[in-house]
Amino acid sequence: MKIEGSCHCGAITVAGEADPERVTICHCTDCQTGTGSAFRVSIPVPGTAFRMTGKPTSYLKTTADSGNPRVQAFCPNCGTPIYSTSPGEGVQPSYMVRVGILAQRDQLAPKRQNWFRSARPWVTAMDAIPKNEKQG
Ligand SMILES: [Zn+2]
Ligand SMILES: [Zn+2]
């Protein structure tokens, strides 16, 4: 399906083609730190189908939990995480685009959870946490 989105301030936009069956939650501690939250939700977009306007700042994490160096790209103005990819010049084979920036996020429910051994223990019990429809 076609996907498109932008960061919080609009300086960076992305578009592409992605398979909604491949939406993944990552509970690794790098994703917890990189999002400032409990987990990250991403979808792979092939490099050949990935389009972007604006220029993200990137940070090379050389000691990722996976053992593979990863480039983390985010908006230099508003800090929104945009994607991660492999290091190197030019178009990379795949971009893990952050689902929270996409207009189609309602249709992009996660299909698997990785690094569950690092998951915060409460993520499986969120339905029991009292809810407010708006700010409490
Ligand atoms: Zn921005
Ligand atoms: Zn992760």
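As a summary of the residue check, T35 satisfies the conditions (1) within 16 Å of ligand 1 (Cβ to nearest atom); (2) closer than 28 Å to T124 by Cβ; (3) crowded, with 19+ Cβ neighbours inside 10 Å except for the one numbered (3). Applying the condition of being surrounded by fewer than 21 Cβ atoms within 10 Å (Cβ to Cβ) and in a loop (DSSP other than H, G, I, E, B) to segment 4-22 and asking which residue is farthest from ligand 1 (Cβ to nearest atom) yields D19. Identify, please: which residue in segment 50-81 is basic (K, R) and at pLDDT 95 or above and is, among those, most open to solvent (accessible area, probe 1.4 Å)? My answer is K55. Pairing residues of segment 106-130 that are of a type in the set (G, A, S) with residues that are surrounded by 11 or more Cβ atoms within 10 Å (Cβ to Cβ) and in a strand (DSSP E or B), at Cβ distances under 8 Å and at least 6 apart in sequence or on separate chains, gives A119/Q113. When the residues of segment 120-136 are narrowed to those that are of a type outside the set (G, A, S) and in a helix (DSSP H, G or I), which ends up least open to solvent (accessible area, probe 1.4 Å)? My answer is V123. Selection of first residues in segment 29-43 that are more than 12 Å from A119 (Cα to Cα) and of second residues that are assigned to a helix (DSSP H, G or I) and within 16 Å of ligand 1 (Cβ to nearest atom), restricted to Cβ pairs under 9 Å at least 6 apart or on distinct chains, gives the following pairs, ordered by first then second residue: T35/G100; V41/G100. When A103 is tested against (1) under 22 Å from P20 (Cβ atoms); (2) away from ligand 1 (no atom under 16 Å from the Cβ); (3) open to solvent by 40 Å² or more (accessible area, probe 1.4 Å), only condition (2) is not met. Considering S84, S37, S58, S118, the condition of being in contact with a helix residue (DSSP H, G or I) (Cβ under 6 Å, 6 or more places away or on another chain) and among the small types (G, A, S) is satisfied by S118 alone.
Enumerate the pairs (first residue in segment 76-87 and within 10 Å of ligand 1 (Cβ to nearest atom); second residue anywhere and open to solvent by 40 Å² or more (accessible area, probe 1.4 Å)) with beta-carbon separation below 6 Å, excluding pairs fewer than 6 apart on the same chain, so at least 6 apart or on different chains. Close Cβ pairs satisfying both conditions: P76/T57; N77/C9; N77/A11; C78/H8; C78/C9; T80/H8; I82/F74. Condition check: surrounded by fewer than 13 Cβ atoms within 10 Å (Cβ to Cβ) and away from ligand 1 (no atom under 14 Å from the Cβ). Does M1 satisfy that? Considered against the rule, which asks whether it is surrounded by fewer than 13 Cβ atoms within 10 Å (Cβ to Cβ) and away from ligand 1 (no atom under 14 Å from the Cβ), M1 comes out as yes.
Scanning segment 34-78 for residues that are under 14 Å from the mean Cα position of the chain (by Cα) and within 13 Å of ligand 2 (Cβ to nearest atom) yields a count of 10.
The values are calculated or read from the model by the stated rules, or taken from the named source; none is laboratory data. It should be emphasised that the depicted structure is a prediction, and the values quoted were computed from it without experimental measurement. Glycine also receives a Cβ, built like all others from the backbone with ideal geometry; neighbour counts cover every protein chain displayed. Accessible surface is based on the protein model in full, side chains and every heavy atom, while ligands, DNA and RNA are left aside. Shrake-Rupley method; radii C 1.70, N 1.55, O 1.52, S 1.80 Å.
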